[in-house]
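Here's the structure we're looking at; comments come further down.
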Amino acid sequence: MARDTTGEFAWTAGAIAWVVATLVARPLVGSDPLLVAAQAIIETAPGWLATWAIETFGVAARTVLVAGVATGLVITAGTLGAIGDRVTLRRARRSQVLWLTTIGVVIGTAVGFYLAAGGVSFRWLLATVIALTGPGIVWWIYAGVHEPIGRRRALGRIGGGVGALVAGGAIARILGQPPAADGPQPGEALDAVEKTEVGTTTPTPRQATGEETIERQRSTDGVVVSVANDERDFTFDFEGMPPRRHTAEEHFVVDKNITAPNVAAEGWSLSIRGAVDSEKDIAYETLLDHPDRREMTVTTLCISNTVGGDLIGTTDWIGIPVRTLLADAGVTDDAVDVVTHARDGYSEAIPWSVVRDRDDIILAIGMDGKTLPAEHGFPARLLVPGRYGMKSTKWITEIELADSDHTAYWDQRGWDEEAVVNTLSYVRSIQRRNERIAVGGIAYAGTRGVERVEVSLDGGQTWNEAALEDPISPHARRRWQLVVERPDTGPLDVIVRATDGAGNRQTSKRAPPHPSGSAGWHSITVSL
Ligand SMILES: Nc1nc2c(c(=O)[nH]1)N[C@H]1C(S)=C(S)[C@@H](COP(=O)(O)O)O[C@H]1N2
Ligand SMILES: [Mo]
């Protein structure tokens, strides 16, 4: 006699239906139980595991995790079903087990959406009901298996169930995301502020990349390689070169969150606590109108960026020096660390002695001429030029003057605490225009600045001095390019290396991102 696999199928189908239905319900609350579970895993995973995941999967790590959690759930359900098929239980006991499971799924779903929605609401209830429709359909169809319900009725039930799910999905879509709070919104226009650091030159006119006729183009290891039908001289803008500044939309986004915290400016305030004379709560409007508001162009870089990677962005930030805000509260002699706390439970710390000495460590409220976008930390975030991005706490809620050394989120996971950026230079683009070839890219050395960039086209035997774009700010990376006459199309072994403002040449010794940021020369071999 064939083995009974009804339970195995029913439980697997039930779990898949649940996953699909939670996805359908997600827009109602902006998250779902699977995402909540994945987030909990991220935050409780040991440091080595988090690091391994980032290094193995890069920016896709979170997607891989969520897919893994969903797959794990389906496999667990199928396994439980298969076990159920093998144990013989009295009918009454079997139905008890089923009822208990049902209650468990209902409670689990309700709690999961409660955490996702951040409380009890009509949306929470609706999301829970929609999500339960999924396994509900499977239950309804399989309930009749032991007393056959007939094909027509089974098909009718499938149709009815799918219809209910589609209707739920339509409702979820119509209601859409939870409404935004009143008051200032992310990404809203900000009044222009006087630039505190003006570039030393007029900007290079952007040579519209569309004007050159690109005959061939490909991307090799992230480097854009092209052949153009163009007689003009090369500027710093040719196909594949990064822009002088990024827009907010172009800027990379990195954080530990699967769904970004949605913080309303209304009702928000920054609290200043700890070793200060008078604790303070500063409202968003106070920051917007702050007399010391300034704008600066800053490059930020994630410590998990690999050599040649693109977790590096350059844009205009608007903010107020943190030391100015702290001076109002009166920092006492006990203060050791400036600890920033955030809405998502994240924290970071920088020594008070560093914050006290620098007026370029700012509490940013704007980016690219607008209020911060939600994903970049609306309403306010820290910005510490010259340190890896992890130091720059987004969605900040509190600045605490701690009287002892604070162990921050990534510090706890084994990453370098000081996080001063390593000198880097990356190739971004190589283009041929008839007999000439240009190699171009970026170089960055944090607050040390970039003094020199050298490029080798023969695998490091000889080096050529690249032309450096005038600095747009002391805190921005510099673009560079080298143009050579090269009639032949033989292979080029390109290597780039930079020298920082203190005269230190970038190390050739390769290092992975963990624990202190990647290092080593970027190289690429191309023929064009
Ligand atoms: N609250 C909070 N702030 C955070 C993080 C985070 O997970 N939570 N990630 C940090 C990291 S690792 C980086 S690289 C920068 C990236 O900032 P961006 O997304 O604005 O480019 O944010 C930092 N600030
Ligand atoms: Mo980062």
Nearest-ten-degree value, helix 6-29 long axis tilted from longest Cα axis of the chain: 50
Tell me, what is the Rg over Rh of region 6-175, with Rh the Kirkwood radius over Cα pairs? 1.02
Using alpha carbons only, what's the Rg to Rh ratio of the chain with Rh from Kirkwood? 1.06
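Hey, what's the chain come to in accessible area per residue, 1.4 Å probe, Å²?
Each residue of the chain exposes 47 Å² on average to a 1.4 Å probe.
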In deg cm²/dmol, rounded to 500, what helix-only [θ] at 222 nm does the chain give when every DSSP H run of at least 4 residues adds -39500 (n - 2.57) and the total is split over its residues? -10500 deg cm²/dmol
Separation of the S278 and S95 label points, Cα + 7 Å toward Cβ, nm: 7.2
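For the chain, give the share of DSSP beta bridges that are antiparallel, in percent and rounded to the nearest 5; count only bridges with both residues there. Please report the intermediate quantities before stating the final value.
Numbers: 78 of 89 bridges.
The antiparallel fraction comes to roughly 90 percent.
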How far, in nm, would the chain grow between S219 and D405 when pulled straight, counting 0.36 nm per residue and subtracting the alpha carbon separation? 62.4 nm
If the label point is 7 Å along Cα→Cβ of Q412, which residues in region 25-67 have backbone nitrogen under 14 Å from it? 40-48, 50
Short to long, in 10 Å steps from zero, the percent of alpha-carbon pairs of region 100-142 per bin is 30, 51, 17, 2
Rounded to the nearest 10 degrees, the helix 91-117 long axis (Cα) sits at an angle to the longest Cα principal axis of the chain of 30
Which whole number of Å³ per residue matches the convex hull of the alpha-carbon atoms in region 402-471? 159
Taking a temperature of 37 °C and a viscosity of 0.692 mPa s, what whole-number D in µm²/s does Stokes-Einstein yield for region 104-176 with Rh from Kirkwood over alpha carbon pairs? 245
A chain fully extended from V87 to D359 at 0.36 nm per residue, minus the present Cα-Cα distance, gains in nm 90.9 nm
24 Å Cα-Cα threshold exceeded, pairs from K256/K280; K280/K394; K280/K370; K370/K391: K256/K280; K280/K370
Note on region 269-408: contact order normalised by length, alpha-carbon pairs under 8 Å, 6 or more apart, percent, works out to 31
Treat region 394-527 as a sphere of radius equal to its Kirkwood radius over Cα pairs and apply Stokes-Einstein at 37 °C in a medium of 0.692 mPa s; give the translational diffusion coefficient in µm²/s, rounded to a whole number. 195
Two-site label geometry, A502 and F122: point separation in nm, points 7 Å out along Cα→Cβ: 6.0
Hey, what angle do you get for helix 33-44 against the long axis of the chain, alpha-carbon based, 0 to 90 degrees rounded to 10? 50
From the C-alpha coordinates alone, can you work out the Kirkwood hydrodynamic radius of region 269-408, in Å? 15.1
Give me, ordered by chain and number, the residues 5 or more places off T220 or on other chains with an amide H under 5 Å from its own placed amide H. V225
Could you work out what % of the accessible surface of the chain is carbon and sulfur, using a 1.4 angstrom probe and leaving DNA, RNA and ligands out of the count? 56
Just to verify a number: FRET efficiency for V484 and A154, C-beta to C-beta distance, R0 = 51 Å, to 0.05? 0.10
With each label point set 7 Å from Cα along the Cα-Cβ vector, what nm distance links L175 and T462? 7.1
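The values are calculated or read from the model by the stated rules, or taken from the named source; none is laboratory data. All values reported here derive from a predicted model rather than from experimental measurement. Please note: Cβ atoms are built from the backbone with ideal geometry, for glycine as well, and neighbour counts cover all protein chains shown. These area figures cover heavy atoms from the full protein model, side chains too; ligands, DNA and RNA do not enter into them. Shrake-Rupley method; radii C 1.70, N 1.55, O 1.52, S 1.80 Å.
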